[in-house]
Amino acid sequence: MAKDDTTIDARPPRKRDAAATRQRILDAGKAAFAEHGFAGARIDQIARAAEANIQMIYRYFGGKEELYLTALADTYAGIRVLERQLDLGALPPADGMRRLVEFTFDYLRDNPQFVAMIRNENMAHGRFVRNLPAVSDSALPLVETIEDLLRRGRASGDFRIEIDPPQLYVTIRSLCIIHLAQRDTLSVMFKRDLGAPDWLAARRVHVVDVVLTFLMADRTR
């Protein structure tokens, strides 16, 4: 009698890891929305990139718009978590402000997907972010942290200006992102690569100096 070499895998089938599948879909969605925006991203392409099927996207998120809202909320949540971990309240005000500026510069430089997601949402006039109250709620600790740094800085004499915390943060964000948002055209204009490591390092120092000099300048007349 011939020996049957057929082997049977008696192991039970692996249970589908719902959390991992959901995360793959979310990651694929963020990549697609960053590159193409909400209107240009296709749900079938997201499913393929996530090694899932369209039904899973509807199952875990409810549809394309719900997936986009989740991706947008997650995009904002990522930077807010890291900002809280800076523990700026434990630093002297000038050091804390320097750290905040450096972190903002580094985060925007190292996370082009974040920059693209926010850019695309602005091109959509904030249509979707208006439906995410958590975005404004999560910014409150940042505002309070900046307010604390400014208050302590004025009390110590390090900072000599009173400024609205959101106003200051918009300035910091602008200084940290303009060379990314307009890198291609500015590189052509000045005949240098604004994405080169040495240029970015010099830009980082410049941005910190601009912010701290502004806060420390004597404006008495």
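Figure legend. Inter-residue proximity from the stretch 175-202: first residues touching a residue at least 60 places away in the same chain (Cβ under 8 Å), second residues outside any helix (DSSP H, G or I), beta-carbon distance below 9 Å, spacing 6+ or different chains. Indicated pairs: LEU180/LEU194; LEU180/GLY195; LEU200/LEU194.
For the stretch 119-128, check the following and say yes or no: at least one residue is assigned by TED's automatic domain parsing to the domain that holds ILE79, assigned to a helix (DSSP H, G or I) and over 30 Å from ALA39 (Cα atoms). For the stretch 119-128, residues assigned by TED's automatic domain parsing to the domain that holds ILE79, assigned to a helix (DSSP H, G or I) and over 30 Å from ALA39 (Cα atoms): absent. Taking the criterion of being of a type in the set (A, V, I, L, M) and in contact (Cβ under 8 Å) with a residue 24 or more places away in the chain, the residues of the stretch 50-85 that qualify are ALA50, ALA52, MET56, ILE57, LEU67, LEU69, ALA71, LEU72, ALA73, ALA77, ILE79, LEU82. Each residue in the stretch 93-126 was checked for being crowded, with 17+ Cβ neighbours inside 10 Å, of a type in the set (Lys, Arg) and within 24 Å of LEU26 (Cβ to Cβ), and 1 pass.
Of everything listed in (1) touching a helix residue (DSSP H, G or I) at 6+ places or on another chain (Cβ under 8 Å); (2) surrounded by fewer than 17 Cβ atoms within 10 Å (Cβ to Cβ); (3) in a helix (DSSP H, G or I), the single unmet condition for ARG192 is (3). From the list ARG84, ARG22, ARG42, ARG59, the one residue that fits, being charged (D, E, K, R) and surrounded by 18 or more Cβ atoms within 10 Å (Cβ to Cβ), is ARG22.
Among the residues of the stretch 68-89, is there at least one that is farther than 30 Å from GLU147 by Cα, in a helix (DSSP H, G or I) and modelled with pLDDT of 95 or more?
Taking every residue of the stretch 68-89 in turn, at least one turns out to be farther than 30 Å from GLU147 by Cα, in a helix (DSSP H, G or I) and modelled with pLDDT of 95 or more.
Here GLU102 meets the list (1) in contact with a Leu (Cβ under 7 Å, 6 or more places away or on another chain); (2) under 20 Å from LEU149 (Cβ atoms); (3) not polar (S, T, N, Q) almost entirely, failing just condition (1).
Residues in the stretch 163-189 that are more than 17 Å from LEU88 (Cβ to Cβ) and part of a loop (DSSP other than H, G, I, E, B): ASP164, GLN182.
Look at the stretch 153-168: where a residue is within 18 Å of VAL210 (Cβ to Cβ) and a partner is surrounded by fewer than 17 Cβ atoms within 10 Å (Cβ to Cβ) and modelled with pLDDT of 95 or more, sitting 6+ places away or on another chain with Cβ atoms under 6 Å, you get PRO165/VAL143; PRO165/GLU147.
Taking the listed residues ALA116, ALA196, the one that is of a type in the set (A, V, I, L, M, F, W, C) and either more than 20 Å from the chain's Cα centre (by Cα) or in the same structural domain as GLY37 (by TED's automatic domain parsing) (or both) is ALA196, with no other qualifying. ARG160 falls short on exactly one of the conditions (1) in a helix (DSSP H, G or I); (2) surrounded by 13 or more Cβ atoms within 10 Å (Cβ to Cβ); (3) not hydrophobic (A, V, I, L, M, F, W, C), and that condition is (1). In the stretch 29-42, the qualifying residues are those that are in contact (Cβ under 8 Å) with a residue 24 or more places away in the chain, in contact with a helix residue (DSSP H, G or I) (Cβ under 6 Å, 6 or more places away or on another chain) and assigned to a helix (DSSP H, G or I), and the one that is nearest to ALA116 (Cα to Cα) is ALA34.
Picking from residues in the stretch 43-56 that are of a type outside the set (S, T, N, Q) and part of a loop (DSSP other than H, G, I, E, B), the one that is nearest to the chain's Cα centre (by Cα) is ALA50.
The values are calculated or read from the model by the stated rules, or taken from the named source; none is laboratory data. These numbers come from a predicted model, not from an experiment. Using ideal geometry, Cβ is built from the backbone for each residue, glycine included, and neighbour counts are taken over all protein chains shown.
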